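S.K.: One structure is given below, represented as structure tokens, and several questions about it will come after.
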Amino acid sequence: MSKKVGSWQAVGALVAHYRKHARLTQEQFAEAASVHVDTVGSIEQGRLALQPDRAEQFDELLGTKGALALLVERMPVREKVVQFAQSLVDHEQEAVSFLSYETQLFAGLLQTKDYCRATFDSRYPALGTETAEQWVNARMERQLLWQRDRPPVGHFILEESILRRQVGSPEVMRDQFRQILAYTEPLHMSFQIMPMDRMPHAGLAGPMTLLETGTNALSTWKYSAPASSSRILTRSATITTNMECCGHRRTRPVIDGIRQAWLLDSVAAQGPRPTVMIPPPRGTACTAGHHPAA
């Protein structure tokens with residue numbers, strides 16, 4: 001049994017204990033909490049994580065003096081994410097640098113809450129509301145790593161099509177573009193946008209993230225995420241090949257810094273399909289924002 005399932009089973013068992021101590025059936029408790037009885041059952045069996053606001057509500061209904069809310073608050077972030085991403089989260093918390101190549105969506109560590117929620121709303125089959133909110137909150141908590149006293153270095157290569165693909169409403173997209181623009185300001189963050197008409201293209205195999213962890217001796221990890229699964233690779237030969245691949249992408253002609261900033265400003269103001277055509281890029285690679293220190 002996985003650690004994640006075990007942790008939420010323990011939380012659920014405590015909910016069931018307090019409910020029974022209050023002499024309430026699942027049906028009575030569900031009615032008092034204005035939730036479906038299946039939701040109560042899923043929480044008590046550990047299939048559904050107890051969300052912070054729900055924990056506070058349960059504490060009030062059961063008279064448990066904040067015990068459930070405190071337990072959920074202290075739950076490690078890895079326990080709040082889908083099981084196949086837990087290895088990634090473990091390494092993220094120790095990372096000193098990220099090199100990310102994205103093809104379909106903005107990286108989870110860059111997403112606004114509304115953009116993140118819209119990506120989960122697009123899943124098929126659909127997620128339940130409680131599960132979707134759990135995943136959204138977990139992703140927002142992962143982003144706290146950028147607020148460390150010594151945050152990791154982040155370099156993100158984004159396919160231009162990500163800017164064109166509307167996820168959620170136009171306002172959701174504008175807020176997402178504004179957040180990306182804000183992320184170009186810190187010295188430890190940098191971005192490149194890969195035009196859709198560039199060939200040869202070293203990234204046709206799909207998205208990936210390379211993470212470096214450690215302080216004295218650096219270890220490099222590769223994370224790739226096909227649908228509903230993920231892989232952490234540690235073999236040195238594979239990592240070296242993927243680092244060379246990402247290095248090739250970074251040196252390919254991309255939208256230069258001025259046009260890149262203009263493009264982001266345009267889509268932030270007008271939505272993902274600006275009416276003004278982008279002049280073809282020319283010159284060599286240049287990132288928006290600042291290059292991280294070597």
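S.K.: Which length gain, in nm to one decimal place, applies between Leu204 and Tyr124 when the Cα-Cα distance is subtracted from 0.36 nm times their residue separation?
M.R.: Contour length minus the Cα-Cα distance gives 26.4 nm.
S.K.: Near Arg19, within a Cβ-to-Cβ distance under 14 Å, what is the net charge of the other residues, with Lys and Arg +1 and Asp and Glu -1?
M.R.: Overall, the nearby charge balance is -2.
S.K.: For Glu171 paired with Ala67, estimate the spin-label separation in nm (one decimal), with each label point 7 Å from Cα along the Cα-to-Cβ line.
M.R.: Those two pseudo-labels are separated by 4.2 nm.
S.K.: May I ask for the net charge around Val37, where only other residues with Cβ less than 13 Å from the Cβ of Val37 are counted and Lys, Arg are +1 while Asp, Glu are -1?
M.R.: -3
S.K.: Using Cβ contacts closer than 10 Å as the measure, can you line up Tyr115, Tyr101 from fewest to most?
M.R.: Ranked by crowding around the Cβ, least crowded first: Tyr115, Tyr101.
None of the figures in this text is laboratory data; all of them are computed from the coordinates on show. Everything numeric in this text was worked out from a predicted model, so none of it was measured. Using ideal geometry, Cβ is built from the backbone for each residue, glycine included, and neighbour counts are taken over all protein chains shown.
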